[in-house]
Amino acid sequence: MKRTPEKKHTLPNHQKRHWVRLTRDCNLRCVFCLDKDAQDGTNIPFPAVVDDLQRGRDRGVVRVVLSGGEPTIHPDYLRIVSRAREMEYTHIQTVTNGKMFCYKNFLDQAVTGGLTEITFSIHGHTAQLHDSQVKMPGSFVQAMAGLTSALKIPGLIVSVDIVLSRLNVKHLPEMLEFFVGVGVREFDLLQVIPFGLAWQNNSGLFYDIEENLPYLRKAFEYSKRPDISLWTNRFPPKYLEGFENLIQYPGKLRDEVLGEAKDMFEAYLRQGKLMLCHGDRCRFCYNDELCQDFVRFKETGRLEAKKIPPCLEDWEVYADSENEPRPVLEMPGDPSKADPAKVVNFFIPYRYYLKSSQCARCRCNDSCAGAPVDHIRQYGFNSLKPIE
Ligand code: SF4
Ligand code: SF4
């Protein structure tokens, strides 16, 4: 009899957000900054920001994220928030280092103008830990002043972003305890990735995830509290056994490939120009498996869907997978028509597969690729039962 599994997690709605860059400048010097290469000390002129806001509305998006660089140092920041509200964005969020929000007037005016969510990027629970990463003394005190004032404003959503690196990973449980203690209930944990200054400073920042799992898992436990929302960003899903609800929405890979990097992937598929970042840094990169598939696709001209694992063959949802031909993606006859979107759209359902720690005990381990990421997100790693 075919098994009908119990669904473990409900997949979240991935509400569309329009990101608008306000500045190419910042008032901090974070050691892991991904944006430094794109910064030249300028602000995006107000009319260009308004045009960008309009592009989001034209696509029907009602949720906007004002970002930078550091968005709050834009001289027209408050005017931009108000304009976004006038343009009928219903959710106006800003991602900030929080320094400017220590000025209560500035915070109040932003909220009155329409700001509905502030995400504070704070990477430590002490001045020493935070300031040593952002390279600006006094930053922790300022950010915390802004954060505590913001938490007192009724209806304002306040969240904290933490970049996880060798510098703070061991303190993560204490950090969450500290921020929960002051009233924060939403967190995004961003894994350090090998770009910008983070790559230049890589030896001091990249860390052995396996070795630090006890700290990470202690922090992930907070996600089980009903009053706390916690997300991970670019965190390798294979380390999220028991916390499958924290596996990042796989569609995010589309943003990685079809956003600013789209030309690079297109040039690879069409002209064979290898991705500029390809090489040593790939092993630290969240996109590694996807990029390996880009290379495989370019070199062989095709990708084939991976098999559903033997331990799931008796699941009702996979009943016909054994008999049906496996989907294949072929390189177009004219490579100048190759499209990175097709590769990522094929990769997510058919080749983004994960295995559990139990797989090592399975007699199929060597020949099995694991299960689709969406299966793991819904039913958990525990649904993979080793075949003895
Ligand atoms: S995995 Fe891909 S995106 Fe990441 S560094 Fe390598 S080539 Fe670049
Ligand atoms: S337990 Fe793991 S290795 Fe064995 S069949 Fe399932 S997914 Fe494959």
If one puts a single equal scatterer on every Cα of the range 87-213 and applies the Debye formula without solvent, what log₁₀ I(q)/I(0) results at q = 0.11, 0.18, 0.22 Å⁻¹? -0.40, -0.97, -1.29
Nearest 10 degrees, 0 to 90: what angle lies between the long axis of helix 77-86 and the longest principal axis of the chain (Cα atoms)? 60
With each label point set 7 Å from Cα along the Cα-Cβ vector, what nm distance links Q109 and S321? 5.7
Quick calc of log₁₀ I(q)/I(0), the range 1-153, Debye, one scatterer on every Cα, no solvent, q values 0.09, 0.12, 0.16, 0.20 1/Å, result -0.34, -0.55, -0.89, -1.26
Please work out how much length the chain gains when fully extended from V328 to R302, using 0.36 nm per residue of separation minus the C-alpha to C-alpha distance, in nm with one decimal. 8.7 nm
For the range 113-216, state which GluC sites (Glu not before Pro) are in a DSSP loop and have at most 15 other beta carbons lying within 10 Å of their beta carbon. E210, E211
With N residues in the range 339-388, Rg(alpha-carbon) / (2.2 N^0.38 Å) equals 1.29
Taking a probe of 1.4 Å, how large is the accessible area per residue of the chain, in Å²? 49
Would you mind pulling out the separation of the Cα centroids of the range 298-358 and the range 24-80, in Å? 37
To the nearest 0.05, how large is the calculated FRET efficiency for T90 and M264 if R₀ is 35 Å and r is the Cβ-Cβ distance? 0.55
Please list the non-local residues whose amide H lies under 5 Å from the amide H of D161, H modeled 1.01 Å from N, same-chain partners needing a gap of 5 or more. F120, S121, I122, D188
Heavy atoms only, probe 1.4 Å: what % of the accessible area of the range 21-95 goes to carbon and sulfur, would you let me know? 47
Hey, could you grab the Kirkwood Rh for the chain? Inverse mean 1/r over distinct alpha carbon pairs, Å, one decimal. 22.8
Please report the orientation-averaged projected area of the range 257-383, defined via the convex hull of its C-alpha atoms, in nm². 9.1
Taking 7 Å along the Cα-to-C-beta vector as the label spot, tell me the W19-T42 distance in nanometres, rounded to one decimal. 2.0
Kirkwood Rh and Cα Rg combined as Rg/Rh, the range 18-248: 0.96
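The values are calculated or read from the model by the stated rules, or taken from the named source; none is laboratory data. None of these values were measured; they are calculated from a predicted model. Glycine gets a Cβ as well: all are built from the backbone with ideal geometry, and neighbour counts include every protein chain shown. The area values use the complete protein model at the heavy-atom level, side chains included, leaving out ligands, DNA and RNA. Shrake-Rupley method; radii C 1.70, N 1.55, O 1.52, S 1.80 Å.
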